[in-house]
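Everything on this sheet refers to the single structure shown next.
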Amino acid sequence: MPIKDKIWLLAHSKDKEDRREWAVLYWKYQGYTHRKVGETLFKGKDWVQRYMTRIYKRFDAPPI
């Protein structure tokens, strides 16, 4: 499945975990740091890192 389709599914999912991944991905795309994403979503930097790891696995992308 193309990445574009995977992103669309995340954004429109009814699953709470998918929507959290979408929110993290959206703010990271906006150029936010892990710390700023955490502040925006009222979570910690480590929480954001966990979700970024999940996103990398979902998209079969190596972590940067």
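Rule-based calculations on the coordinates, nothing more; no lab input. Quick caveat, the model's predicted, so the values are computed rather than measured.
Please give the helix 16-29 orientation as an angle from the longest Cα principal axis of the chain, in degrees from 0 to 90, rounded to the nearest 10. That works out to roughly 70 degrees. Angle of helix 45-58 to the longest C-alpha principal axis of the chain, folded into 0 to 90 degrees and rounded to 10: 10°. In terms of Cα atoms, the Rg and Dmax of the range 3-58 work out to 10.6, 29 Å.
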